[in-house]
1. How many residues, within segment 28-68, are in a loop (DSSP other than H, G, I, E, B) and buried (at least 21 other Cβ atoms within 10 Å of the Cβ)?
2. Can you spot a residue in segment 116-124 that is over 21 Å from PRO82 (Cα atoms), in the same structural domain as LEU93 (by TED's automatic domain parsing) and in a loop (DSSP other than H, G, I, E, B)?
3. Quick check: is even one residue across segment 394-402 touching a Ser or Thr at 6+ places or on another chain (Cβ under 7 Å), in the same structural domain as ALA311 (by TED's automatic domain parsing), among the aliphatic types (A, V, I, L, M) and not in a helix (DSSP H, G or I)?
4. Pairs, please: C-beta under 7 Å, at least 6 apart or cross-chain, first residue without any contact (Cβ under 8 Å) to a residue 60 or more places away in the chain and in segment 636-655, second among the β-branched types (Val, Ile, Thr)?
5. If you go through segment 218-229 one residue at a time, how many are in contact with a Ser or Thr (Cβ under 8 Å, 6 or more places away or on another chain), modelled with pLDDT of 95 or more and either buried (at least 19 other Cβ atoms within 10 Å of the Cβ) or closer than 19 Å to VAL154 by Cα (or both)?
6. Scan segment 135-192 residue by residue and report those that are under 19 Å from TYR97 (Cβ atoms), basic (Lys, Arg) and not in a loop (DSSP other than H, G, I, E, B).
7. Kindly establish whether LEU202 is assigned to a loop (DSSP other than H, G, I, E, B), over 30 Å from GLU91 (Cβ atoms) and modelled with pLDDT of 95 or more.
8. Restricting to segment 312-327, count the residues that are touching a helix residue (DSSP H, G or I) at 6+ places or on another chain (Cβ under 7 Å) and under 18 Å from GLU286 (Cα atoms).
Amino acid sequence: MYQSQFNGTFPKEIGNLSNLEYLALAYNGFVPMSIPKEFGQLKKLRYLWMKGANLIGEIPDEFNSLSSLGHLDLSMNNLKGPIPSKLLSFENLTNLYLFHNELSGEIPKSVQALNLVNLDLSMNNLTGSIPEEFGNLKNLKLLNIFTNQLSGEVPSSIGLIPNLTDFRVFYNKLNGSLPPEMGLNQKLEAFEVSDNRFSGQLPGNLCAGGVLQGVVAFSNNLSGQVPKSLGNCRTLRTVQLYNNKFSGEIPSGLWTTFNLSSLMLSDNSFSGELPSELAWNLSRLEISNNRFSGQIPVGIGSWASLSVFEASDNLFSGKIPVEMTGLSHLNTLLLDGNQLSGELPSEILSWMSLTTLNLSRNGFSGQIPAVFGSLPDLLYLDLSENQLSGEIPTEVGNLRLAALNLSSNKLSGQIPVAFNNLAYEDSFLNNSHLCANNPVLNLPPCYTKLGPKKISSKFFAIIPALLVTVLIVTVLFTLFLIRDYRRKKHGHDLAKWKLTSFHILDFNESNILSNLTETNLIGSGGSGKVYRITVNNKDGFVAVKMIWNNRKLDCNLEKEFIAEVEILGTIRHSNIVKLLCCVSSEDSKLLVYEYMENQSLDRWLHGRKRVSMSGSSSVHHVVLDWPRRLQIAIGAAQGLCYMHHDCSPQILHRDVKSSNILLDSEFKAKIADFGLAKILGPKDGDGEQHTMSAVAGSFGYIAPEYAYTTKVNEKTDVYSFGVVLLELVTGREPNGGGEHTNLAEWAWQHYGEEKPILDALDPEIKEPCYLEDMTTVFKLGLMCTNILPSSRPSMRAILQILPQYPEGYGEKKTSEFDVAPLLGPASQFSIYKGSKNSDGIGG
């Protein structure tokens with residue numbers, strides 16, 4: 001009866017089946033229900049599988065009488081309360097899976113299930129200590145008790161369990177020393193103890209069995225040196241020891257151990273020099289904030305698989321070897337905060353995949369190489385706090401940089417025109433000889449050099465007089481031109497423009513038209529340019545979108561203009577961007593909106609220039625914290641709920657995405673860009689689909705049924721909003737699921753493969769006090785992106801499910817809803833696996 005799509009409640013008469021031995025009810029569509037106490041009458045039951053069956057309430061005490069059980073799986077439900085006291089005493093029990101519930105209390109101390117092979121109590125709210133009696137489970141292979149609230153020390157007897165292969169206790173409050181015998185008489189494959197309070201040394205024999213694949217011990221208080229035995233462990237794939245107190249040199253063999261793919265050692269006190277060779281498969285090397293020293297070896301050119309090299313805040317010196325530029329897979333290079341010197345590489349051999357380059361806080365000198373402008377994927381460039389001189393190459397201006405910092409150098413000359421806008425206002429600080437033509441930034445204007453290099457002293461003497469004369473003539477001539485221009489503009493040009501207001505305004509079309517200059521340009525897109533213009537209102541600025549200029553208006557852009565005016569000109573909601581007015585002529589259309597100081601959500605989530613919450617400029621990587629992300633999700637949901645449920649007729653947005661969610665000065669979210677929106681006519685019944693002439697929207701956000709059938713209803717917006725929720729909680733981009741998958745597919749795959757949701761959350765905001773809410777929002781994102789539209793919640797239901805914080809974010813309000821019973825089975829993952837891309841676009 002596995003995945004049989006049963007629904008309703010489970011009959012209590014099950015207790016009458018006294019000879020029942022095998023019962024599999026996993027992944028069915030039961031309504032949320034408690035486990036019937038009558039289960040306790042099934043004395044001969046040997047196999048009970050109710051994984052993902054929408055169970056709530058407590059595990060009945062009657063389970064204490066099911067002594068024949070050999071396999072019990074109640075995982076991935078919403079069970080609460082304690083584990084029945086005798087559950088770990090059944091002598092026939094070999095597999096016990098209670099993970100991913102809300103079980104609380106202590107683990108029963110009576111442990112007599114000596115045949116137990118697999119024990120998984122992870123992702124609950126269990127407290128107390130790990131029972132010493134676990135050491136008696138000589139057949140135990142898998143012990144998963146991670147993501148709980150366990151405290152105390154790990155019993156030394158666990159280090160003596162002979163068959164133990166998987167030991168995972170991460171994300172608890174465990175302390176003390178780890179059992180030194182761990183691995184000595186075992187064949188450990190996984191050793192994961194991160195996010196605890198362990199101290200002392202790492203056990204020295206973890207790889208004694210010769211099959212160890214992972215040592216994950218980050219975020220503890222571990223100290224001492226890394227055991228030399230790890231340097232001889234050829235099976236290792238990942239070593240993660242960052243954020244501890246380790247010291248000394250890394251065992252030489254660890255750098256080159258055969259299968260190693262990631263070595264993460266940041267935030268310790270390691271010392272020594274880098275090796276000339278690395279493991280052939282090593283793709284991620286993180287050693288920031290240590291005491292590594294010496295020069296970067298020329299042999300770095302052999303680190304062929306490396307994609308991430310983070311070595312900030314160490315003691316490296318010397319030059320960057322040109323061989324480093326031959327690493328063709330490298331996408332992130334952080335060498336900031338060292339003692340490197342010399343000139344930057346003037347030749348780039350293979351950095352075609354590089355997206356992030358940070359060489360700040362070193363002693364580099366010379367000019368910025370023009371070849372840096374040829375890096376096609378570079379998004380983040382930080383060369384600040386060096387001794388760089390000369391002009392900024394114009395080629396660098398060709399880069400489409402999300403963040404640039406050249407501050408605190410000795411640069412001179414004119415900055416590239418592409419950087420002369422407010423997006424780069426903090427990119428050139430403390431460079432006294434930089435200038436800009438028509439400066440928008442806080443830079444002096446540039447002046448053209450006069451005459452040849454050698455000029456006579458007499459000529460120098462008459463220059464002031466000439467300049468004064470030219471200045472007077474220029475000023476007078478300019479005044480005449482301005483007077484004539486204004487007369488012409490107000491007498492003739494303004495007659496071509498029509499202003500239609502939707503709110504009370506304290507400016508007119510003249511204020512808008514006279515400021516449509518390149519210096520006020522803040523962005524551009526497929527439908528036109530966007531300007532920030534100063535006006536005389538209380539906020540000081542408005543945003544102006546010019547849909548077309550000096551060309552025949554495209555019919556599609558005309559439709560977008562009409563849609564914006566038709567919708568935003570009539571609706572009012574605090575979570576929908578305010579359209580103040582429109583200004584139109586025969587060949588140009590201007591839409592004037594309230595200005596949103598913090599721009600779009602995707603700018604904050606996906607690497608566009610990040611600004612400190614305090615309002616001060618920062619060159620560091622600053623992110624939105626979780627309460628603020630949650631408030632943004634709630635605000636956007638309120639705007640969409642208003643459109644779907646409170647507008648008559650109903651409005652579909654059809655292009656919900658993080659770049660169309662704008663943030664004001666207080667990070668309040670507002671839905672924007674209604675160019676693709678659709679006002680629906682009267683519907684016969686809720687949920688009726690409407691056929692569009694073509695698919696519209698953005699890759700990664702388009703609901704599968706829309707891509708295949710061009711039919712839409714409000715559930716297509718829900719799907720797109722679900723992708724936004726997944727962006728907020730994971731930090732990934734909408735197409736950031738890996739090869740051939742988008743974010744929704746990746747999230748469902750993660751869920752379908754029963755991987756911990758904790759692993760999917762954005763590590764930059766993954767704090768213990770937020771994990772419950774982040775998990776809820778992740779599951780809600782899955783619900784919204786269900787491949788079946790009928791299974792997606794409405795926007796009104798989404799608002800009820802979203803965890804709530806009081807305005808200003810702080811202490812959480814308790815939500816009455818739990819998303820786990822509504823999410824249902826992960827079986828739709830198999831549906832996703834059948835196609836490359838749920839957009840219907842293909843790989």
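The values are calculated or read from the model by the stated rules, or taken from the named source; none is laboratory data. No experiment lies behind these values; they were computed from the predicted model shown. Methodologically, a virtual Cβ is constructed for each residue, glycine included, from the backbone with ideal geometry; neighbour enumeration extends over all protein chains shown.
1. Qualifying residue count for the region: 11.
2. yes
3. No - not one qualifying residue is present in segment 394-402.
4. Taking only residues 6 or more apart or on different chains, the pairs are PRO649/ILE679.
5. Here the count works out to 4.
6. Residue satisfying the conditions is ARG168 alone.
7. Yes: the conditions hold for LEU202.
8. The qualifying residues number 1.
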